[in-house]
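First comes the structure, then the notes that go with it.
The values are calculated or read from the model by the stated rules, or taken from the named source; none is laboratory data. This one's a predicted model, so the numbers in the text were calculated from it and none came from an experiment. No Cβ is skipped: glycine too gets one built from the backbone with ideal geometry, and neighbour counts run over all protein chains shown. These accessible areas exclude ligands, DNA and RNA; they are computed on the full protein's heavy atoms, side chains included. Shrake-Rupley method; radii C 1.70, N 1.55, O 1.52, S 1.80 Å.
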Amino acid sequence: MKIIPSAWNNGVTVVNRVPMELYLKGVVPSEIVPSWKPDAIKAQAVAARTYAVYHKNGYRSAGYDITDDTRSQVYRGCSVETSATNKAVEETAGEIITYNGKAIDALFHANGGGYTEDSENVWGSYVPYLRGVKEENSSTVNRPWRKIVSIDSFSNAISRAGYHVGKVKKIGLSRLHMGNNKAKDRGVSGRVKTMEITGKSGRKIIPGEVIQSAFDLDSTLFDISVKGNNLIITGYGFGHGLGLSQWGAEAMAEKNGDGKEYYKRILLHYFTGSKIEKIY
């Protein structure tokens, strides 16, 4: 442990100093299900190692590299270690994902919902290895989620978010087409980029992430239909949709995994044009 003066107040910051591989043994079981197939666990181990390498010194001004929560990646220490996840870390020791010889920002999320997204449609900037790709079908990846919201509640929520249109009369959104989507209001996966909301007091263009936040939706991969005085929001996936889909990796490993090298194919599928390299 390292104790340093806090960068924000008169207290102190306690930093857990651990070697990379030991650190990963506390990350991997915190991020995935330890009973998953070996190739899915190995894919997560390599992605987590790459993420840590890429984000080293990310919080330098505060005296540490990364956080132990979802701002970086979840780390719960040695208390969560399992034999399966430790084995995955050990068997991939030193391996990272690279693009043009450098470690990538190895983003991951819980579930792509069937198709992941292009980086510019989520974060506004083009990243060559963060391209939308189709996922392996599975009961989890393809399982829809649903939320019912009254039109009045919807109107009030978007008003609180700063989009004052009065009572909603019309929602302009192209129908969900998953994968290779060409509609301007959706990303390549079908995730909502913008919606045109017309109300009693005006019309606004609202980003999909605003709707996701306002109604605590699992993702922006959704469609909306009207039933009486309610809106039915039906969607897929969980998370931002960039990079490795954890449940998608498990679906690939379940169907095609060999327990040895297949994890590399999983990573190369989700991180377009990348390579797996051993750096130590």
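A compact table of results
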{"read-out": "Thr234 among the polar types (S, T, N, Q), more than 21 Å from Tyr115 (Cα to Cα), surrounded by fewer than 24 Cβ atoms within 10 Å (Cβ to Cβ) and at pLDDT 95 or above", "value": "no"}
{"read-out": "Near pairs, Cβ below 9 angstrom, 6+ apart or cross-chain, from the stretch 178-203 (surrounded by fewer than 14 Cβ atoms within 10 Å (Cβ to Cβ)) to any residue that is outside any loop (DSSP other than H, G, I, E, B) and of a type in the set (Phe, Trp, Tyr)", "value": "Asn180/Tyr115"}
{"read-out": "Residue in the stretch 62-74 that is modelled with pLDDT of 95 or more, under 26 Å from Lys102 (Cβ atoms) and not polar (S, T, N, Q) present", "value": "yes"}
{"read-out": "Counted residues, the stretch 210-221 - those being closer than 23 Å to Lys169 by Cβ and either out of contact with any helix residue (DSSP H, G or I) (no Cβ under 8 Å at 6 or more places or on another chain) or assigned to a helix (DSSP H, G or I) (or both)", "value": "5"}
{"read-out": "Elements of type helices (runs of 4 or more DSSP H) contained in the stretch 1-111, each with 1 or more residues being open to solvent by 40 Å² or more (accessible area, probe 1.4 Å) and among the hydroxyl-bearing types (Ser, Thr, Tyr)", "value": "38-54, 83-91"}
{"read-out": "Candidate set: the stretch 154-177, residues that are open to solvent by less than 60 Å² (accessible area, probe 1.4 Å) and free of Cβ contacts under 8 Å to residues at least 40 places away in the same chain; chosen: the one nearest to Tyr236 (Cα to Cα)", "value": "Ser174"}
{"read-out": "Selection within the stretch 179-206 - polar (S, T, N, Q), modelled with pLDDT of 95 or more and within 18 Å of Asp152 (Cβ to Cβ)", "value": "Thr198"}
{"read-out": "Residue that is most open to solvent (accessible area, probe 1.4 Å), among those in the stretch 222-231 that are of a type outside the set (Phe, Trp, Tyr) and assigned to a strand (DSSP E or B)", "value": "Lys227"}
{"read-out": "Residue match in the stretch 206-217 (condition: farther than 23 Å from Ser150 by Cβ, hydroxyl-bearing (Ser, Thr, Tyr) and either without any contact (Cβ under 8 Å) to a residue 60 or more places away in the chain or open to solvent by less than 40 Å² (accessible area, probe 1.4 Å) (or both))", "value": "no"}
{"read-out": "The stretch 244-273, subset among the small types (Gly, Ala, Ser) and in contact with a helix residue (DSSP H, G or I) (Cβ under 6 Å, 6 or more places away or on another chain), residue nearest to Glu90 (Cα to Cα)", "value": "Gly259"}
{"read-out": "Tally, over the stretch 115-139, of residues that are open to solvent by 30 Å² or more (accessible area, probe 1.4 Å) and not aliphatic (A, V, I, L, M)", "value": "13"}
{"read-out": "Selected residue (criterion: farthest from Phe215 (Cα to Cα)) from residues of the stretch 140-153 that are under 26 Å from the mean Cα position of the chain (by Cα) and open to solvent by 70 Å² or more (accessible area, probe 1.4 Å)", "value": "Arg143"}
{"read-out": "Hey, Arg131 under 23 Å from Ile232 (Cβ atoms) and either touching a helix residue (DSSP H, G or I) at 6+ places or on another chain (Cβ under 6 Å) or touching a residue at least 40 places away in the same chain (Cβ under 8 Å) (or both) or not", "value": "no"}
